[in-house]
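Worksheet: one structure, shown below.
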Amino acid sequence: MASQVKFLDTTLRDGEQSAGIGMTVEEKMQIARQLARMKVDIIEAGFAASSPGDFEAVSRIANEVEGPIICSLSRAVAGDVDAAWNAIKGAKKPRIHVFLSSSEIHQMHQLRKDREDVMNMAVDMVSRAKGYCDDVEFSPMDATRTNRDYLYRMLEEVIKVGATTINIADTVGYAIPSDFQTMLNDIQQNVRGIENVTLSVHCHNDLGLAVSNSLAAIEVGARQVEGCINGIGERAGNASLEEIIMALDTRKDFFGVDLNVDTTQIYPSSRLVSRITGMNVQANKAIVGENAFRHASGIHQDGVLKDRSTYEVMKPERVGLPPDVQLVLGKLSGRAGLQARLETLGFSLDREEVTGVYQRFLELADKKPEITDRDLEILMDEENRSTSEPVTYALETVHFTSGDKDIPTATVRLIGPDGETRTDASTGNGPVDAVCRAIDRVVGTTARIEDFQVQAVTEGRDSVGSVTMRIENSGRIFTGRGANTDIIVASAQAYLSAMNRMLAADEEAALPAVGTTPD
Ligand code: KIV
Ligand code: ZN
C-alpha cells in the first residue's frame, strides 16, 4: 500500500458553500496561490458549471497556479462535465470530479430517479470525463447512508470506465470512526478494481467527527483525504485539513504515512482564509486558534518555561506560528522584517509590493510605537480592498450625529459605478442603523443585518475596531468587513462591502448560465 497520503483542499468549493461566504475571483486566486505554497496535492478550485464567476475562478487557477492538480467539481450531467473540462484544460495537471447521489434517500427524494438510471448516469458521465482527461474522481454522494451492494456495484462500474480516485463522501456527517473503518474495509474487499485506484474520503462535521473519521479512514488504507482550511464548509463544515495534517505529522509513529504538505504554511493559510471569508477562528481551535499554544495556569507555564515539550505535542513553528520571541515591529523596522512578518500572516508580496506597503507601515508606526499582527492585517486589508473586492460603490465620507437625547442621523457620500458622487441622509434606531439606511438610499436597495460583530483589534483607547457584518437579501447572505478607529465608520465600510458583494452577485446572476440542466 502506498505510504503517501494526498490532500485535496476544497476550501474554494465546499468551503465556499458555508452560509454567508462569497469570494471574488481575486480572493480565490490569493487562496489558491497560498494552497500551492502549502503544497496541498489537489486544489478543488470550484464548481465550474455553477456560475460564470466560478467558471472564471477555476479557469484562472488552472492557468495560473502551478504545483497542485487543479480540479473542478461536476454533477453527472453532460453540460457540467463539459464546463468542468473547459475550465481546467489549461492546467498542467487537470482533474474532473464527478459526483452523484448513491443513497436511496437522495435518489428518491431529491433526484427522483430510478436507481438503475442513476447507475447509468454515473457510468456515462465518468466515461465522458475520461474522454477529456485521464485523472477522474468519482464521489458517490451520501455514500455512508447507501445500500452496500448497490454502492459496490456503482464503484465497480465507474472504475471500469476509468475513474482513478473513488471518494467516499460522508455528506451528512453520519459516520462513526470504527463503523466507517468497517465500511472502508468492506469496500476494499468487495469492489473489484478498487486496488488500482486511490481510495479517498470526504467527511462532514455534523457530529463533530469529521477529523476522527478521516484519520480512521487513513488507518485502514484511504490515501486521499478531502477537507477545508479552518474546517469551513456546508453546515457544521468539512474536515479541518490542518488538524488532519498535524495529527499525521505529530503521530507519524502511529500512522506511518508520508505527506507532501509544507506544515509551516498552515498558519498563514488559516489567517488568509479567515480574513477573506470573514469567518473568525475560535480561540480554542486546535492548531490555529489563538490559544492553541498559550499556557495560562501557573503549573503549565512553569513547565513550558523549562521545556516546551512538557505541555506541547508539537512546536508552534511547525505550523508556521511566529516564534515566541517576536521581533517588535515599529518605525525602526526595515522592509525585510516587515515582509517576513507579512508572510507569516499569509501575505505574499514581491519587493516592489513591499516597498508600497512600507510607506503606509511607516505612517502607522509614527502614530503607534508597536505594530501588532492585527494592525498589519488591517493595513493589508485596506491595501487590498480595492483590488480584490467588488467595488460598485466606494465610501467617500460618512458623517453622523447621535447621543442619548438625539435622533441618530447619518449622511453618506458614495462614488457610484459611473464615477459620480451621490449623497443621501437618514435617521435610524441608532447610528449604525442610520448609516446603513443612508447607504440603502444611495444604492437603491436594502438588506437585513443578520450578524454584526465588533472586535477591538489593537489595544488602548485609540484601538482600531474591526467590524464584520453579515447581510441577508432574498435568502442570500453576504459578508463585509471594515476597520477604523471609529466603529460607526467601520460599520459603514463593512455594510457597503457586503452590499457591493450582493450587487456583484446580482450582476453575475443576470449573465447566461455556463452549464446546462440535467439531460
Ligand atoms: O459532501 C459531499 O458529498 C460533497 C461531494 C460533492 C463530494 O461535497
Ligand atoms: Zn461536501
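The values are calculated or read from the model by the stated rules, or taken from the named source; none is laboratory data. The structure displayed is predicted, hence computed values, not measured ones. Positions of Cβ are generated from backbone atoms using ideal geometry, with glycine treated the same way; all protein chains shown enter the neighbour counts. Remember, those area values only see protein heavy atoms, side chains included, never the ligands or the DNA or RNA. Shrake-Rupley method; radii C 1.70, N 1.55, O 1.52, S 1.80 Å.
Take every Cα pair under 8 Å whose residues are at least 6 apart in sequence, average their separation, divide by the length of region 355-492, and the relative contact order is 15 percent. For the pair Asp350 and Asp433, the difference between a 0.36 nm per residue extended length and the Cα-Cα distance amounts to 25.8 nm. For the chain, the residue among His399, Ala494, Ala36 whose Cα projects farthest onto the positive side of the dipole built from Cβ charges is Ala36. Here the simple spin-label model places points 7 Å from the Cα toward Cβ, and for Lys315 and Asp451 these points are separated by 3.6 nm. Which one of Ala434, Gly237, Gln265 has its Cα pushed farthest toward the positive end of the charge dipole of the chain, where Lys and Arg give +1 and Asp and Glu give -1 at the Cβ? Sorting the options by dipole projection puts first Gln265.
Judged by the mean number of other Cβ atoms found within 10 Å, the most tightly packed of the peptides 86-99, 489-502 leads the ranking 489-502, 86-99. Mean residue ellipticity at 222 nm, helices only, the chain: -12500 deg cm²/dmol; runs of at least 4 DSSP H residues each add -39,500 (n - 2.57), and the sum is divided by the number of residues. Both the radius of gyration and Dmax for region 344-473 are 17.3, 53 Å, in that order, over alpha-carbon atoms. With Cα atoms as the point set, the radius of gyration and Dmax of region 3-104 evaluate to 12.9, 41 Å.
Ordering His295, Ile187, Ala163 by Cα displacement along the dipole of the chain toward the positive end leaves His295 in first place; charges were set at the Cβ atoms of Lys, Arg (+1) and Asp, Glu (-1). Using the empirical formula 2.2 N^0.38 Å as the baseline, the Cα radius of gyration of region 52-198 reaches a ratio of 1.05.
Taking all Cα pairs closer than 8 Å and separated by 6 or more residues, the relative contact order of the chain comes to 13 percent. Of the solvent-accessible surface of the chain, computed with a 1.4 Å probe and all protein chains present, 48% belongs to carbon and sulfur.
Per residue, the accessible area of the chain comes to 44 Å² when a 1.4 Å probe rolls over the protein heavy atoms. Building the convex hull from the alpha-carbon atoms of the chain and averaging its projection over directions returns 26.5 nm².
If r is the Cβ-Cβ distance from Ala283 to Ile105 and R0 is 45 Å, what FRET efficiency results, to the nearest 0.05? According to the calculation, E is roughly 0.75. If the Kirkwood radius is taken over C-alpha pairs of region 144-260, then at 37 °C and 0.692 mPa s the Stokes-Einstein diffusion coefficient equals 228 µm²/s. Note: relative contact order over region 244-371, using C-alpha pairs below 8 Å and six or more positions apart, is 26 percent. Accessible surface comparison of His109, His202, His300, probe 1.4 Å, protein chains only, largest first: the order is His109, His300, His202.
In a reduced charge model with +1 at each Lys and Arg Cβ and -1 at each Asp and Glu Cβ, region 178-256 shows a dipole moment near 140 debye about its Cα centre. With respect to the chain, whose longest principal axis is taken over its alpha-carbon atoms, helix 148-160 is tilted by about 90°. Angle of helix 487-509 to the longest C-alpha principal axis of the chain, folded into 0 to 90 degrees and rounded to 10: 40°. The simple spin-label model puts a point 7 Å past each Cα toward its Cβ; for Ala510 and Val257 those points are separated by 4.8 nm. Put a dot 7 Å past the Cα of Gln359, heading toward its Cβ, do the same for Asp373, and the two dots end up 2.9 nm apart. Normalised by 2.2 N^0.38 Å, where N counts its residues, the alpha-carbon radius of gyration of region 88-129 equals 1.45. For the chain, the longest principal axis of the C-alpha atoms and the axis of helix 373-388 are separated by about 80°.
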